[in-house]
Every structure is written in structure tokens, then in C-alpha cells.
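Contents: one structure, followed by commentary.
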Amino acid sequence: MVDVQPAPVTDALMTDVLPAPVAALFPGAAERARVEDWLGRELAAALLLIRSGPVVPTLDMRVFRGQLAEFDFATPRALEPLLHWTVQQMQHGIVQMGNPRYFGLFNPGAAFPALCADRIASLFNPQLASSASSPVPVEIESHVIRAMARRAGLAADATGHFATGGSEANYTALICALTAAHPRFAAEGARAFPGAPRFYTSRECHIAWLKIAHQAGVGRDALRLIDTDGRGRMAPRALADAIAKDRARGEVPVMVVATAGTTGGGMIDPLEDCAGIARAAKLWYHVDAAWGGGALASERLRPLLAGIELADSITIDAHKWLATTMGCAMFITGHGALLSEVFHASTSFMPSSLAATDPYLNSVQWSRRFIGLRLFLALAAAGWRGLSAHVERSVRVIERVREKLTARGWEIANDSQLAVLDAVPPADHGEVRALVRRVVASGRAWVAATSFEGRDVVRICATHGETSEADIDELVEELTRR
């Protein structure tokens with residue numbers, strides 16, 4: 001055995017003074033306070049311009065790329081001009097979800113408590129893998145998850161975690177379903193099954209399920225897209241038939257996914273019927289309520305989600321209808337022991353290893369930001385009553401749009417009771433997608449073109465909590481302009 005001696009410590013190292021912190025990264029308290037104060041005023045001014053200005057990007061991307069190319073990171077730059085430049089690019093270089101005339105996808109104008117949460121989380125920067133290193137954040141998130149689970153009608157011992165988005169939460173559901181379906185899946189993966197695994201959801205689902213199937217290793221062919229009833233909802237008979245046919249072929253059904261609030265039409269699958277079919281077939285039942293789950297906040301809208309309490313797991317995105325900042329999703333389940341089994345890991349370097357508590361033992365992620373604070377502060381500041389008023393107000397916004405468009409001869413293709421409207425213009429307004437391109441190009445409003453039950457429609461969704469009658473009128477005026 002070779003005896004390795006440590007290198008001698010030189011006098012220079014022993015007497016050398018520790019360098020000061022890098023000032024550009026860690027400025028002194030006075031300078032930090034000055035810049036934070038300046039940035040607060042800069043952002044407040046930008047928000048006013050965002051709300052009154054165009055919804056769409058107005059930046060010349062060729063010019064922007066030229067400016068960006070000048071950042072070779074060789075020469076340091078002063079922070080204040082950098083911040084000003086960045087705010088300007090964001091102000092003119094994105095679709096502005098903070099504009100109340102954004103009637104687009106499910107991205108919201110963020111609620112103020114959620115913005116405050118991001119500032120707090122950024123300052124303290126807790127690592128949410130372990131309850132030992134971040135006991136308060138972990139407990140706050142668990143408290144919110146339990147509150148949402150109760151709202152959904154799950155059992156008192158329901159658990160779950162926050163996630164970066166609905167795709168991560170839905171991926172968790174599939175991994176749970178596969179693990180529940182075969183005791184050897186955790187060790188052997190899809191090879192454990194005697195036939196190809198299959199899972200089922202509506203053809204009106206969020207198509208991220210294809211990516212999830214690929215990611216889970218069961219392959220995109222594992223996803224069965226079930227026909228709808230002609231109104232945008234999964235047809236129960238078609239679902240039951242598909243499961244029976246796959247089993248007859250020797251394939252292995254593992255999960256049924258019902259959607260509560262489809263992206264295209266805001267439709268809710270027949271949750272109770274889907275639950276019954278899943279139970280009869282002994283399959284995991286997941287409800288993808290990424291958007292529609294916001295209706296749980298409202299006593300008036302909650303009956304629309306009857307049957308969600310029968311789910312083995314639920315996805316809800318707080319960064320959609322509950323108006324937190326991106327991304328703030330939740331995975332909720334009544335099968336806490338299985339969730340811990342799915343994400344079990346063992347290592348000596350973590351400060352805690354509590355299977356039922358530590359997020360790194362109950363979720364896909366290891367290192368993670370304190371994202372649940374966004375919903376906690378929104379809920380604590382507004383209460384269920386305030387979130388209910390916010391959700392119901394957006395439904396009323398869409399009702400107003402519906403009234404104004406039908407009075408002008410437009411047809412409504414979907415019959416959603418949520419805050420999505422699929423509208424078909426009169427024939428003399430031209431082709432739907434061309435009309436949407438014109439509206440978006442105007443910068444006055446943002447809507448989307450999509451297909452609902454085989455028809456091209458103008459998709460209009462209320463996403464901003466401060467949309468006014470004047471904003472509605474401007475949208476309708478632009479849609480009906482010829």
C-alpha cells in the first residue's frame with residue numbers, strides 16, 4: 001500500500017486573504033435595495049403598458065437576434081441596463097397573457113399573491129426535495145394538496161405533490177397505473193406484462209398523452225384514443241368496447257383517463273360512467289382536470305365534476321384557471337403507499353428519508369422550487385369564496401361573448417358550461433383560420449383556431465381575471481370586422 005502524504009501548505013496560501021464576493025453577483029445591501037426599488041418601478045410601468053398595448057409580439061426578431069449575438073459573455077455589463085433591456089424585450093417579444101384581451105389558451109393573467117410568492121421563493125430559494133432541509137415549505141405544500149383533495153371529495157388520507165405542469169402530473173398517473181397493474185413493473189418495466197400495455201382517453205384529450213406514453217417506455221401505440229359522443233365528450237360504450245377488444249387480443253389495459261375540461265372545447269367527459277367502466281375492468285382511473293379542476297373552487301360549478309371523487313388520481317393545474325404563475329400543477333391521489341413505492345429511492349447523502357413525506361420520494365423531481373407557495377398565498381388571501389368568484393366571473397365573461405356573437409349571427413359549436421367558447425362565424429366572414437390570423441395580427445385581441453367535432457371553430461377562453469366589458473366589446477368588434 002502506497003503511503004500518500006498531503007502536499008505541504010505554502011506560506012502564500014496560509015497568509016492569502018479570502019477574496020471578496022463577486023460584486024456583480026452579490027452586491028452590497030444598499031446597492032441591492034436600490035436596484036430592487038428601481039426594478040419594481042420598471043415592472044409596474046411595464047405592466048400598465050402590457051395591459052393597454054398589443055397582445056402579440058411587436059419585436060423585430062432579426063434586430064433582436066443581432067443584439068443577442070453581442071452578448072459573448074466575455075465582457076461584464078452593468079446590471080441595471082441589462083435589466084432594462086430584458087424588460088423591454090419581454091414587453092415587446094411575447095404574447096401577453098397579462099393583457100385582459102388575451103382570450104387564448106389556458107395561460108392566465110397571474111394573480112398578485114402568486115407574483116409575491118415567486119419573489120419570496122426566489123429570495124429564500126429552498127430545496128424542496130427533503131422535509132429536513134425545507135420543513136416549512138414541504139408542510140405548506142402538503143397542506144394545500146390536502147385541501148384540494150378534500151375539495152375534490154377524496155378520502156381524508158389522500159396525498160400528492162406539486163409538479164411543473166400537467167404533463168408531469170399525468171405522467172405520474174401512468175407510472176402509478178403501470179405499477180399497480182403488475183408487481184414486477186418497477187423492476188422489469190413493460191416486459192413484465194404478458195401483452196402490450198394499453199390505456200384509454202378521449203380523442204379530444206390533450207395530445208401530450210402521446211409524449212407521456214413514449215416517456216414511460218410503453219410506446220405511443222399504448223394510447224387508445226376513444227371516439228366522442230358528437231358533443232366533445234368520451235363515449236362510454238366506445239370506451240368499454242375498446243377495453244374488451246384489447247383484452248381479447250391478449251393486450252393489457254391499465255388505465256382509463258377522463259378529461260375534465262378539454263383543451264379544444266372545455267368539455268367534461270362523463271366522469272361517473274368512466275369510473276364505473278374502469279372499476280368493472282379493474283383499471284386505474286385518472287381524471288385529467290388540469291384546467292377544469294378549477295371549478296372545484298365554486299359551489300355552483302362543482303356539480304359539473306360529479307364523479308371526480310371516484311378517481312384514483314387527479315391532475316389540476318393551478319397555473320390555468322386558478323391564476324398562479326407558470327408552472328404550478330398538482331398530482332393528487334388516494335394511494336399514498338403506491339406513490340411512495342413508485343418513486344422509492346435510497347441514498348446516504350439526503351438529510352431525511354421519510355417515504356410518506358419527502359417530495360423526492362413521492363415525485364418525479366428531486367431538486368425542486370417552492371412552487372406550491374403560489375397557490376397557498378392565493379387561497380389564503382382570497383379564500384375559497386374569492387377563488388370561486390374569480391372562476392365564476394370567467395364563465396360570465398364567456399357568457400357575455402356568447403350573447404354578443406350569437407346576436408350577430410354566429411353559431412356556437414360546443415355546449416360547455418365552463419369558460420371556453422367554440423364559435424363559428426357566418427359564411428360571409430370567410431374561412432375560420434384566416435379570420436383568426438387577422439384578429440391576432442391586429443394586436444387588439446388573441447384567440448385561437450381549432451377543430452371541434454370535425455369543424456373549424458374560433459376558440460375563445462376567458463383567462464384573465466380583470467377582463468372588462470370594454471375588453472369584451474373590443475374582442476367582438478375585431479371578430480366581426482369585415
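The values are calculated or read from the model by the stated rules, or taken from the named source; none is laboratory data. Remember, predicted model here, so these are calculated numbers, not experimental data. Methodologically, a virtual Cβ is constructed for each residue, glycine included, from the backbone with ideal geometry; neighbour enumeration extends over all protein chains shown.
Here are some notes:
- From the options V56, V9, V17, residue that is modelled with pLDDT under 90, of a type in the set (A, V, I, L, M) and not in a helix (DSSP H, G or I): V9
- None of A423, A448 is within 23 Å of R233 (Cβ to Cβ), in contact (Cβ under 8 Å) with a residue 60 or more places away in the chain and not assigned by TED's automatic domain parsing to the domain that holds R203 except A448.
- Identity of the residue in region 191-224, under 24 Å from the mean Cα position of the chain (by Cα) and in a strand (DSSP E or B), that ends up farthest from L174 (Cα to Cα): S202
- Filtered by the rule that a residue be out of contact with any strand residue (DSSP E or B) (no Cβ under 8 Å at 6 or more places or on another chain), within 19 Å of V420 (Cα to Cα) and not acidic (D, E), region 199-245 gives I207, G230, R231.
- Selection from region 410-431 of residues that are among the polar types (S, T, N, Q) and within 15 Å of F452 (Cβ to Cβ): N414, S416
- Test set (1) surrounded by fewer than 17 Cβ atoms within 10 Å (Cβ to Cβ); (2) under 22 Å from the mean Cα position of the chain (by Cα) - T259 fails condition number: (1)
- Only listed residue being among the basic types (K, R), more than 22 Å from T159 (Cα to Cα), assigned by TED's automatic domain parsing to the domain that holds E168 and part of a loop (DSSP other than H, G, I, E, B), chosen from R237, R231: R231
- Top-ranked residue in region 256-283 [being in a helix (DSSP H, G or I) and of a type in the set (A, V, I, L, M); ranked as nearest to S416 (Cα to Cα)]: L271
- T325 being in the same structural domain as G160 (by TED's automatic domain parsing), out of contact with any Leu (no Cβ under 6 Å at 6 or more places or on another chain), in contact (Cβ under 8 Å) with a residue 60 or more places away in the chain and not in a helix (DSSP H, G or I): yes
- Region 105-163: number of residues that are exposed (fewer than 15 other Cβ atoms within 10 Å of the Cβ) and of a type in the set (D, E, K, R): 4
- Under the condition of being in contact with an Asp or Glu (Cβ under 8 Å, 6 or more places away or on another chain) and hydrophobic (A, V, I, L, M, F, W, C), the residues counted in region 100-131 number 3.
- The criterion of at least 3 residues that are farther than 29 Å from E272 by Cβ is met by the following helices (runs of 4 or more DSSP H) wholly inside region 114-190: 135-152, 185-188.
- Exclusive hit being at pLDDT 95 or above, surrounded by fewer than 24 Cβ atoms within 10 Å (Cβ to Cβ) and under 26 Å from A192 (Cβ atoms), set R247, R300: R247
- Those residues of region 352-410 which are free of Cβ contacts under 8 Å to residues at least 40 places away in the same chain, basic (K, R) and in contact with a Leu (Cβ under 6 Å, 6 or more places away or on another chain), in sequence order: R402
- Search result, residues across region 112-152 that are farther than 20 Å from D358 by Cβ, touching a helix residue (DSSP H, G or I) at 6+ places or on another chain (Cβ under 9 Å) and not aliphatic (A, V, I, L, M): F112, P113, C116, D118, R151
- Hey, T262 touching a residue at least 40 places away in the same chain (Cβ under 8 Å), more than 21 Å from D317 (Cβ to Cβ) and of a type in the set (S, T, N, Q) or not: no
- Of the residues in region 329-346, none is assigned to a helix (DSSP H, G or I), in contact (Cβ under 8 Å) with a residue 24 or more places away in the chain, buried (at least 17 other Cβ atoms within 10 Å of the Cβ) and touching a Leu at 6+ places or on another chain (Cβ under 7 Å).
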